[in-house]
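Notes follow once the structure below has been shown.
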Amino acid sequence: MDGFPVKMSEAVCLGASLTLSGICYYLYRKNRTTANKLDDAPHFTIDGKLKDILKVTPGACLQYAVIEGAVQPVAEPLTSPFQKEFVGVLQKFMLREHRLVWNGLSRTWTDSERVLHQRVNAVPFVLVGSNDTAVRVLCPLQASGVHMETTHEKFHQVNYGLGDIIGQYLSGEKLKGQLETEEMLKVGTTLTGVGELILDTDGILILRPPSNGSKYFLSITDFDTLLGEQESTAVWWKVLAITSALVGAAVILLVGRRFYQQLKVRWEREKERREFERLQAENPRARALVTGPEALQDGEEELLENACVICLTQPRNCILLDCGHVCCCHSCYQALPQRRCPICRQSISRVVPIYHV
């Protein structure tokens, strides 16, 4: 019972829960702040009035604004090599390898994915509103949100021979095949942009990543859907943070309860020891003094005959009830890991002193 009663597993669980709770809370605050900024951001229509608004704005800059317009290329658009009728301004091609890997712990095959090749192509583009007013979009690859759609997806499956199958079972890996995908931001797509809106010296409207550290968004969904996704993500991080904190609190309560129980046992044993000493002191025969060499010799012989069966040094000075065995001293009785008689293993209800005269 010495020391604070924390097991290694409990300490690891407590540390992990507190760390995870802190990380989840940080991500919750980050997403909550982003959602609040989105909710407070002003909405502007891409038309002739937008330039007039920016001209009267200090620095000709709106740090966080929401606009919506149709995608149009500034230069020659990109053409899909798989679907010739698809043209766009952003194109992302990926080739992934899929394997099955044997998991010896769960005794199952698990899917594993590895990117073999990735290529991104982009051309300058603008968002066009009414009256042919256009806003130039900068750094679209830095933006968050779903701003491309899948235009091609094909899985190339691998055919196995007998030797390949045997080799796969020996190595613990199976090659399933390769998946090639193409994503594009197509010309004419309605795109929602959230970022810093400026009017440069040439009179060109520009949407770029915010200089104040706010999140930059380009999304093919509408603004309400984009805001709902951010709020939903914030709620999930909040739930995970609360759950992790509750796990940590449960561990602390468990450790505190065990510590209190140990303190309670200490208090009970101390009370029992004082009661035992009081009973010994109240007995007049225990206080009687026997003098002379014969008494000393008798005391030594008696100590050898009535020595405690546990420590073999102190005399047997207590009776264990209800079994009635006299086999140990009170100090060894208190050190017993379980309140059971060392002779018959019967539960001990109480202990009273015994006197030798």
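Among the residues of segment 327-342, write down those that are without any contact (Cβ under 8 Å) to a residue 60 or more places away in the chain, of a type outside the set (D, E, K, R) and surrounded by 14 or more Cβ atoms within 10 Å (Cβ to Cβ). Scanning segment 327-342 gives Cys327, Cys328, Cys329, His330, Ser331, Cys332, Tyr333, Leu336, Cys341, Pro342. One residue stands out in segment 206-219 among those that are in contact with a Gly (Cβ under 8 Å, 6 or more places away or on another chain) and of a type in the set (A, V, I, L, M): the one that is nearest to Val135 (Cα to Cα), namely Leu207. Looking only at residues in segment 200-222 that are in contact (Cβ under 8 Å) with a residue 60 or more places away in the chain, exposed (fewer than 12 other Cβ atoms within 10 Å of the Cβ) and polar (S, T, N, Q), the one that is nearest to Val137 (Cα to Cα) is Ser211. The residues in segment 215-245 that are of a type in the set (D, E, K, R) and touching a Ser or Thr at 6+ places or on another chain (Cβ under 7 Å) can be counted, and the count is 2. Evaluating Lys154 against the criteria (1) in contact (Cβ under 8 Å) with a residue 12 or more places away in the chain; (2) under 24 Å from Thr45 (Cα atoms) leaves one unmet condition, (2).
Restricting Asn121, Asn131, Asn103 to those that are surrounded by fewer than 15 Cβ atoms within 10 Å (Cβ to Cβ), touching a residue at least 12 places away in the same chain (Cβ under 8 Å) and in contact with a strand residue (DSSP E or B) (Cβ under 8 Å, 6 or more places away or on another chain) reduces the list to Asn121. Residues in segment 100-143 that are in a strand (DSSP E or B) and touching a Lys or Arg at 6+ places or on another chain (Cβ under 6 Å): 6 in all.
Each row is one residue, and each column tells you yes or no for (1) over 27 Å from Phe217 (Cα atoms); (2) modelled with pLDDT of 85 or more; (3) in contact with a Leu (Cβ under 9 Å, 6 or more places away or on another chain).
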{"residue": "Gly88", "(1), (2), (3)": "no, yes, yes"}
{"residue": "Phe93", "(1), (2), (3)": "no, yes, no"}
{"residue": "Val101", "(1), (2), (3)": "yes, yes, no"}
{"residue": "Leu116", "(1), (2), (3)": "yes, yes, yes"}
{"residue": "Met148", "(1), (2), (3)": "no, yes, yes"}
{"residue": "Gln157", "(1), (2), (3)": "yes, yes, no"}
{"residue": "Thr181", "(1), (2), (3)": "no, yes, yes"}
{"residue": "Leu191", "(1), (2), (3)": "no, yes, yes"}
{"residue": "Val194", "(1), (2), (3)": "no, yes, yes"}
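The criterion of being more than 19 Å from Arg96 (Cβ to Cβ), under 32 Å from the mean Cα position of the chain (by Cα) and modelled with pLDDT of 85 or more holds for Leu141. Does Arg273 meet the test of being touching a helix residue (DSSP H, G or I) at 6+ places or on another chain (Cβ under 7 Å), closer than 23 Å to Gln346 by Cα and at pLDDT below 85? For Arg273, the condition - touching a helix residue (DSSP H, G or I) at 6+ places or on another chain (Cβ under 7 Å), closer than 23 Å to Gln346 by Cα and at pLDDT below 85 - is met. Taken together, the residues in segment 230-247 that are more than 14 Å from Ser17 (Cβ to Cβ), surrounded by fewer than 19 Cβ atoms within 10 Å (Cβ to Cβ) and not small (Gly, Ala, Ser) amount to 6. Applying the condition of being of a type outside the set (D, E, K, R) and surrounded by fewer than 16 Cβ atoms within 10 Å (Cβ to Cβ) to segment 43-52 and asking which residue is nearest to Lys186 (Cα to Cα) yields Thr45. So which pairs qualify, if the first residue must be in segment 43-56 and assigned by TED's automatic domain parsing to the domain that holds Val194 and on the phi < 0 side of the Ramachandran plot, the second must be assigned to a loop (DSSP other than H, G, I, E, B) and modelled with pLDDT of 90 or more, the Cβ gap must be under 8 Å, and the two must be at least 6 apart or on different chains? Once the first residue is assigned by TED's automatic domain parsing to the domain that holds Val194 and on the phi < 0 side of the Ramachandran plot and sits in segment 43-56, its partners that are assigned to a loop (DSSP other than H, G, I, E, B) and modelled with pLDDT of 90 or more give Leu50/Phe44; Ile53/Phe44.
Yes/no per residue for (1) basic (Lys, Arg); (2) touching a residue at least 60 places away in the same chain (Cβ under 8 Å):
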| site | (1), (2) |
| --- | --- |
| His147 | no, yes |
| Gly167 | no, no |
| Lys174 | yes, yes |
| Thr190 | no, yes |
| Ile198 | no, yes |
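Of the residues making up segment 56-79, those that are in a strand (DSSP E or B) and of a type in the set (A, V, I, L, M) are Leu62, Ala65, Val66, Ile67, Ala70, Val71, Leu78.
The values are calculated or read from the model by the stated rules, or taken from the named source; none is laboratory data. The structure presented is a predicted model; accordingly, all values stated were derived computationally and were not measured. Please note: Cβ atoms are built from the backbone with ideal geometry, for glycine as well, and neighbour counts cover all protein chains shown.
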